[in-house]
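Data first, discussion second: the structure below is written as structure tokens.
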Amino acid sequence: MINGDPHVFLPQPALSAVAVPPPGEGPGFWAGAPSAVAADGFVYLAYRLRRPVGEGRGYAVVVARSADGQTFEPLLTITKEQMHTESLERPTLVRTPAGSWRLYLSCATYGTKHWRVELLEAATPAAFDPAQARVVLPGDLKTGVKDPVIVHHDGIWHLWASCHPLEIPAEADQMVTDYATSPDGLDWTWHGTALDRRPGHWDSRGVRVSAVQFTPDGLTAYYDGRASATENYEERTGLATGPDPSTLTAHGLTPHAQSPYGGLRYLEILPLPTGHTRLYYEYTRPDGAHELRTELLQPHQD
């Protein structure tokens, strides 16, 4: 938390622990893009594993379980071959109000810059079957869609997704965050761009919402931002707020959290039944690899 605001949580890497190491050393080896759910006395975590381009890229998504939120036991690994995709990016793990589980997977279409999101459903986090996948966010010829943040709030499913322009391939790394709603989490209605880039600032090339919290005053959102194409894969974390889910305004002239070696991105915020909060995020190491880190925050005292 910063400035005593109970609705703002920002990473302090000096207090963090490594939850999942990268699958190799050096640039291009990543463990990260986390999505977490607390349920039945455990923390369930979905995350992406990546190797450098030419050595596998985003080759797997792992669903894991932990009793302490820090040490994880893999339950299931889904490969890019099983999903018929060139690469996998951030998964989104969700438990529905009825108690079933959903895993939304960001999948790259072979030979293109296009991304789509496919859905798996299961009774338990260990039972997802890639053979039962269906596309729920197809994007289109002009737009790639990936990395959704999905929240069920007040009887409505809310979604913020990273959207990329495809008409000029060299510009496809650019991104904004669009907002959508759904009555069931399956069929979505889009409502336009919720968070856009800021020309001349550190987030002028792309913004990607990574976590959202509903507050008494509206919403607090965390997002990944960058100023150039060369900063792709090394985004830093920013903070935005808004009066409603479709309207978010970025705050600050500099990133709110980053690694001294590059990026700090895909921040996930997990409230725990104990009143504590866990943060998960992808963090750049000195050797250029990315590791998945976690922090445990104490309950806020008014």
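Is there a residue in the range 285-296 that is within 21 Å of ALA17 (Cα to Cα) and hydroxyl-bearing (Ser, Thr, Tyr)? Yes: the range 285-296 contains one or more residues that are within 21 Å of ALA17 (Cα to Cα) and hydroxyl-bearing (Ser, Thr, Tyr).
For GLY144, indicate whether it is assigned to a loop (DSSP other than H, G, I, E, B) and either open to solvent by 10 Å² or more (accessible area, probe 1.4 Å) or under 23 Å from TRP188 (Cβ atoms) (or both). Break it down stepwise before answering.
Numbers: assigned to a loop (DSSP other than H, G, I, E, B): no; either open to solvent by 10 Å² or more (accessible area, probe 1.4 Å) or under 23 Å from TRP188 (Cβ atoms) (or both): yes.
The answer is no for GLY144.
Quick check: anything in the range 121-139 part of a loop (DSSP other than H, G, I, E, B), within 30 Å of ARG205 (Cα to Cα), modelled with pLDDT of 95 or more and touching a Pro at 6+ places or on another chain (Cβ under 8 Å)? No: zero hits. Applying a threshold of 9 Å to beta carbon distances and a minimum spacing of six or more residues, or different chains, the list of pairs starting in the range 268-289 at a residue that is closer than 15 Å to ALA211 by Cα and ending at one that is outside any strand (DSSP E or B) and aliphatic (A, V, I, L, M) reads THR277/MET1; ARG278/LEU272; LEU279/LEU10. Taking the criterion of being of a type in the set (Lys, Arg) and surrounded by fewer than 24 Cβ atoms within 10 Å (Cβ to Cβ), the residues of the range 196-234 that qualify are ARG197, ARG198, ARG205. For SER35, the requirement of being of a type in the set (S, T, N, Q), crowded, with 22+ Cβ neighbours inside 10 Å and closer than 24 Å to ALA289 by Cβ is met. Surrounded by fewer than 23 Cβ atoms within 10 Å (Cβ to Cβ) and small (Gly, Ala, Ser): is that true of ALA240 in this structure? When the stated conditions are applied, ALA240 does not pass them. Restricting ARG57, ARG65, ARG48 to those that are at pLDDT 95 or above and either polar (S, T, N, Q) or crowded, with 21+ Cβ neighbours inside 10 Å (or both) reduces the list to ARG48.
Can you pull out the residues in the range 153-178 that are of a type in the set (Asp, Glu), outside any loop (DSSP other than H, G, I, E, B) and under 18 Å from THR230 (Cβ atoms)? Full working, then the answer.
Restricting attention to the range 153-178, the residues satisfying the condition of being of a type in the set (Asp, Glu) are 154, 167, 171, 173, 178.
This time we only want the ones that are outside any loop (DSSP other than H, G, I, E, B), so: 171, 178.
GLU171, the sole residue that qualifies.
Consider the range 189-229 and keep the residues that are farther than 17 Å from PRO165 by Cα and of a type in the set (Val, Ile, Thr). The one that is nearest to the chain's Cα centre (by Cα) is VAL212.
Of everything in the range 181-192 that is touching a residue at least 24 places away in the same chain (Cβ under 8 Å) and not in a loop (DSSP other than H, G, I, E, B), the residue that is least open to solvent (accessible area, probe 1.4 Å) is SER182. For the range 266-278, a residue qualifies if it is open to solvent by 20 Å² or more (accessible area, probe 1.4 Å) and of a type in the set (S, T, N, Q), and exactly one does: THR274.
It is to be established whether one or more residues within the range 99-115 are over 23 Å from ASP173 (Cβ atoms) and in contact with a helix residue (DSSP H, G or I) (Cβ under 7 Å, 6 or more places away or on another chain). Give the steps one after another, and end with the answer.
So the first thing to find is which residues in the range 99-115 are over 23 Å from ASP173 (Cβ atoms), and the list is 99-103.
Cutting the leftovers down to in contact with a helix residue (DSSP H, G or I) (Cβ under 7 Å, 6 or more places away or on another chain) gives us none.
No - not one qualifying residue is present in the range 99-115.
Comparison of ARG65, ARG57 shows that the only residue that is more than 16 Å from the chain's Cα centre (by Cα) and within 20 Å of SER100 (Cα to Cα) is ARG65.
Considering only residues in the range 279-292 that are within 14 Å of the chain's Cα centre (by Cα) and closer than 13 Å to TYR261 by Cβ, the one that is surrounded by the most Cβ atoms within 10 Å (Cβ to Cβ) turns out to be GLU282. Only one residue in ASP187, ASP196, ASP203 is of a type in the set (D, E, K, R), at pLDDT 95 or above and under 18 Å from TRP157 (Cβ atoms), so which one is that? Only one candidate passes the filter, namely ASP187.
The values are calculated or read from the model by the stated rules, or taken from the named source; none is laboratory data. Keep in mind the model is a prediction, meaning the values are calculated, not measured. In this analysis, Cβ positions are derived from the backbone assuming ideal geometry, glycine residues included, and neighbour counts consider all displayed protein chains. Calculation scope for accessible area: heavy atoms of the full protein, side chains included, ligands and nucleic acids excluded. Shrake-Rupley method; radii C 1.70, N 1.55, O 1.52, S 1.80 Å.
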